[in-house]
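Reading through the structure tokens given below for one structure.
The values are calculated or read from the model by the stated rules, or taken from the named source; none is laboratory data. Everything numeric here is computed off the predicted structure, so don't read it as measured data. For accessibility, only protein heavy atoms count, side chains too; no ligands or nucleic acids. Shrake-Rupley method; radii C 1.70, N 1.55, O 1.52, S 1.80 Å.
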Amino acid sequence: MRRVATLFSALALGLATLSWAAGTTAHAAAPSPSAPSAEGRAVSTQEQRAAVHFWTAERLRTAQDVTTLSAARTAKLAAPAPTTGERVTVPPLPGPTAPAPAPVPVSAPSPRATSPAPWTGGGLISTTAGKVFFQNASGGTFACSATVANSDNKSVVLTAGHCTVDAATGTGYRNWVFIPGYNNGNRPYGTFTARRLFWDGQYVSTQGNANWDYAFAVMDTLNGRTLADTVGAQGIAFNSQTGRHVHSFGYGGSAAEGNGERLNHCEGDEFADAGRPGSTMWGIDCVQTGGSSGGSFLADFSGGGGYLIGNISVSAGTNEYHPTLGNEALGLYQQAGAA
């Protein structure tokens, strides 16, 4: 059974311009995003090399699954809320044909996993979803989920803010790697190392307000190829319509979800988070457990591909929620895509 890390509890993890012609909606010009309070860290080539060697099979196996943020932790969400504007979309980028994943035993349903099921549909999500591994300032090792997002540099993944930085201290995590298509310890496309991490400064300044719990990581090339050229990329949408039918994907760590060793899937109609004053999050009636943090929420999903509209962030009862991607997220994404 995998260990699970609870953020902001006793564990306290010590832890430029987009080419709009290629991917926006049919508007005359792309909107100017709000200037984000972008924060992050650059990763040296030496650190990246060390990260590749650091993540042995044993360390992958023993990394603690980071939980989604609890409803109690995010009960008081302070203003300001993310700003919105004109809808901007970037289309998916086709990838290779994904091999069928190796079977992982399925046990009895977990009381915390309401309805996630193993993803057996193949397609683009099978290559673009993957696991994140990182180390905090105290030396602990942890696991989250992330998804490749189409971008100018073909090197960006979307994940959760709490998978990149300790909101209590503003310290970014290290030895940060992404393994696309991860399945039962296998690394079918290799291990990509982060060269830049970007998170919204308001996530740190508010001490972890989940409205800002999104982040982008820029991955280095591997064998001379970018991440998206290797595995493809999901589309991404900003200021998108809410209340739609959506799909979520992540590597939940419960026994019912394969102990973090396989990709799981939920879907449902979105509803607003009405349980916490100030929340701008949206969710579905499904809960993926520890390790799914940072996993994707996708709209217009078909054949394994769709448009990222957020990432798994908060769990409350039988529901999981994602922050919306507004103007601030758009600005952050543009910076990551230009890095």
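Ignoring solvent entirely, what values of log10 I(q)/I(0) come out of the Debye formula for segment 258-339 at 0.11, 0.12, 0.14, 0.24 Å⁻¹ when each Cα is a single scatterer?
These q points yield log10 I(q)/I(0) values of -0.33, -0.39, -0.53, -1.26.
Tell me, what ³J(HN,Hα) does each residue in segment 248-255 have, in order and in whole Hz, if you take phi through Karplus 6.51 cos²θ - 1.76 cosθ + 1.60 with θ = phi - 60° and put x for Gly and Pro?
Karplus values, whole Hz, x for Gly and Pro: 10, 9, x, 10, x, x, 6, 4.
How big is D for segment 223-292, in µm² s⁻¹ as a whole number, if Stokes-Einstein is applied with the Kirkwood radius of its Cα pairs at 20 °C and 1.002 mPa s? It would help to have the intermediate numbers written out before the result.
Working: Rh = 14.6 Å.
Answer from the Stokes-Einstein relation: 147 µm²/s.
Work out from phi, with θ = phi - 60° and the Karplus expression 6.51 cos²θ - 1.76 cosθ + 1.60, the ³J(HN,Hα) of each residue of segment 146-160, listed in order in whole Hz, and give x for Gly and Pro.
Computed from phi, the couplings for segment 146-160 are 7, 9, 6, 10, 4, 7, 4, 8, 6, 9, 9, 10, 9, 8, 8 Hz.
With θ set to phi - 60° and the Karplus curve 6.51 cos²θ - 1.76 cosθ + 1.60, what are the ³J(HN,Hα) couplings of segment 83-95 in order, to the nearest whole Hz, using x for Gly and Pro?
8, 10, x, 5, 5, 10, 10, 10, x, x, 10, x, x
At 1.4 Å probe size, with no ligands or nucleic acids counted, give the accessible surface of T84 in Å², nearest ten.
Per-residue accessible area (T84): approximately 110 Å².
Expected output is a single nm value to one decimal: the length gained when fully extending between Q207 and S138, i.e. 0.36 nm times separation in residues minus the C-alpha distance. What is it?
Details: separation 69, 0.36 × 69 = 24.84 nm, distance 1.91 nm.
This chain segment gains 22.9 nm when fully extended.
Remind me, what semi-axes does segment 148-280 give for its equivalent ellipsoid, largest first in whole Å, using sqrt of 5 times each Cα gyration tensor eigenvalue? The partial results should precede the final answer.
Numbers: eigenvalues 126, 80, 54 Å².
Semi-axes, largest first: 25, 20, 16 Å.
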